[in-house]
Every structure is written in C-alpha cells, then in structure tokens.
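First the structure, in the form of structure tokens, and then the observations on it.
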Amino acid sequence: EPEVTQTPSHQVTQMGQEVILRCVPISNHLYFYWYRQILGQKVEFLVSFYNNEISEKSEIFDDQFSVERPDGSNFTLKIRSTKLEDSAMYFCASSRTTDTQYFGPGTRLTVL
Amino acid sequence: AQRVTQPEKLLSVFKGAPVELKCNYSYSGSPELFWYVQYSRQRLQLLLRHISRESIKGFTADLNKGETSFHLKKPFAQEEDSAMYYCALYNTDKLIFGTGTRLQVFP
C-alpha cells in the first residue's frame, strides 16, 4: 500500500538557520498539507496546497514559512530563519480528494 | 469557532473491558469527522470516518448531531489497542484535531 514518506526523520539546527523539510506524497494524490505538533500539544494545521498554490494557511504559517512542489513528486516546507519555538514534529499529509488525509511519519525538528 | 474537544487525556482499562473515547465538536454545518490512531513511534493512521459508517478493528463511532459528539467505542479492548487516539473535524482544506486521548489497555 503506498504511503507518504518524509525526510529527514530528525533535523537539528541552530536558531536563525534555514531548514527544508521534504515529503513525497502518495503518487495519485492532488492535495498536500503540512501540520505540526509541539511536544505535549495537539496536531495543528499549517498549510494546504493544491494545483501549485496555497489553498489555505493558518496564522502560524507566517512569512518565515513557505511551501513548494519543485517537481512531480516532492513537496517541501521551508522555514527561513528558525526560532526555538519552531521545535516540533512536522507532519506532511496528502489526499486524493478533499476528504481523507494520509499522513507521513513526521520529521522531528529541534532548534537549538 | 470550529473546535474538537477530547476531555480525557488518559483512559486506562483492562483487556476485555469496553472502551469509549469521547469526542465533542463545535461546527456550524454538516460535520465531516474522523478518528485517527497513532501507535507508539508510528504515523497517524486513519481509523474511521463517519461517512463510511464502517467498523475497523472492532471500533465504531456514531455521529450524534444533537449532542455534537462522535464518540469512539469498542466492546472488548485488546492490549494492541494501546495508542493515542485523535478525533478530527474536516473544515475547508484542513483537519482540526482534538488534543488526543491515550488509551492504555492492561493485560
């Protein structure tokens, strides 16, 4: 059964550095999402992406964040200048239509 | 505002006991609701969606619009059901999650 994959599984970075988190959605899916989960808190929506543009974003997704689908398979989340409070588990998800979302295993981002 | 509430952080039961994980929602319209499960060190996996009205791994959930609830139930818990369970509401391109309930099933 196809699955969403994410790399790396764990990323450690210094405050102020740029990070790129990568995701490979399920191949016939058209809708892509990023969520994050700060330790001990709930899963929070960041952004949704369809037809090569952002369809919705949360207030968390400020100018420091961007998403891109650079080719036919990858979907990336970039954080331009990381802050301590960006430390979290970041989940990518994809869906074929606007209903059931399938999640990747997550990337744990640690900002020092 | 759209919101999902899971009032219990932890639910502990013995194997064979019935389980009910509570979920209440706030939504103006016809909700689309899901239950996701996260086993230790694994990804979030879809367990149930209310539209399909199916039973997965013995779990069922019924949407009660009058009580704005979507509680997850299983008549006889198994040790392998131990996991984090998240209720989620779909709203215009995003899922709104509850805080999750950790289910511990003791032998």
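The values are calculated or read from the model by the stated rules, or taken from the named source; none is laboratory data. None of the values given here were measured: they were computed from a predicted structure. Note that each Cβ is placed from the backbone with ideal geometry, even for glycine, and that neighbours are counted across all protein chains shown. These area figures cover heavy atoms from the full protein model, side chains too; ligands, DNA and RNA do not enter into them. Shrake-Rupley method; radii C 1.70, N 1.55, O 1.52, S 1.80 Å.
Which of the residues spanning segment A:53-112 are hydrophobic (A, V, I, L, M, F, W, C), open to solvent by 40 Å² or more (accessible area, probe 1.4 Å) and within 10 Å of another protein chain (Cβ to nearest Cβ)?
Here is the first cut: in segment A:53-112, the ones hydrophobic (A, V, I, L, M, F, W, C) are A:54, A:60-61, A:65, A:67, A:75, A:77, A:79, A:84, A:88-89, A:91-93, A:103, A:109, A:111-112.
Filter once more, so that each one left must be open to solvent by 40 Å² or more (accessible area, probe 1.4 Å): A:54, A:84, A:112.
Scanning segment A:53-112 gives a single hit, A:Ile54.
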Go through segment B:51-62 and report how many residues are within 21 Å of B:Arg3 (Cα to Cα) and either crowded, with 19+ Cβ neighbours inside 10 Å or within 13 Å of another protein chain (Cβ to nearest Cβ) (or both). 2
Give me the strands (runs of 3 or more DSSP E) completely within segment B:22-107, filtered to those with at least 3 residues that are not hydroxyl-bearing (Ser, Thr, Tyr), ordered by residue number. B:32-38, B:45-49, B:72-74, B:83-91, B:94-97, B:101-106
Filter segment A:1-16 down to the residues that are aliphatic (A, V, I, L, M) and in a loop (DSSP other than H, G, I, E, B) and list them by number. A:Val4, A:Met15
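Answer yes or no as to whether A:Ser48 is of a type in the set (Gly, Ala, Ser) and open to solvent by less than 70 Å² (accessible area, probe 1.4 Å).
Spelling it out, A:Ser48 is indeed of a type in the set (Gly, Ala, Ser) and open to solvent by less than 70 Å² (accessible area, probe 1.4 Å).
Is it true that A:Gln14 is within 14 Å of chain B (Cβ to nearest Cβ), more than 14 Å from the chain's Cα centre (by Cα) and open to solvent by 20 Å² or more (accessible area, probe 1.4 Å)?
Working: within 14 Å of chain B (Cβ to nearest Cβ): no; more than 14 Å from the chain's Cα centre (by Cα): yes; open to solvent by 20 Å² or more (accessible area, probe 1.4 Å): yes.
In short, no.
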Can you list the strands (runs of 3 or more DSSP E) found entirely within segment A:17-95 that contain at least 1 residues being out of contact with any Lys or Arg (no Cβ under 6 Å at 6 or more places or on another chain) and modelled with pLDDT under 95? A:31-37, A:44-50, A:53-57, A:65-68, A:88-95
Is it the case that some residue within segment A:20-36 is within 10 Å of chain B (Cβ to nearest Cβ) and hydrophobic (A, V, I, L, M, F, W, C)? no
Does segment B:14-21 contain any residue that is in contact with a strand residue (DSSP E or B) (Cβ under 9 Å, 6 or more places away or on another chain), part of a strand (DSSP E or B) and open to solvent by 50 Å² or more (accessible area, probe 1.4 Å)? yes
Here are the criteria: (1) in contact (Cβ under 8 Å) with a residue 24 or more places away in the chain; (2) open to solvent by 30 Å² or more (accessible area, probe 1.4 Å). Tell me which single one B:Leu72 does not satisfy. (2)
Of everything in segment B:75-107 that's surrounded by fewer than 21 Cβ atoms within 10 Å (Cβ to Cβ) and of a type in the set (D, E, K, R), which residue is farthest from the chain's Cα centre (by Cα)? B:Asp93
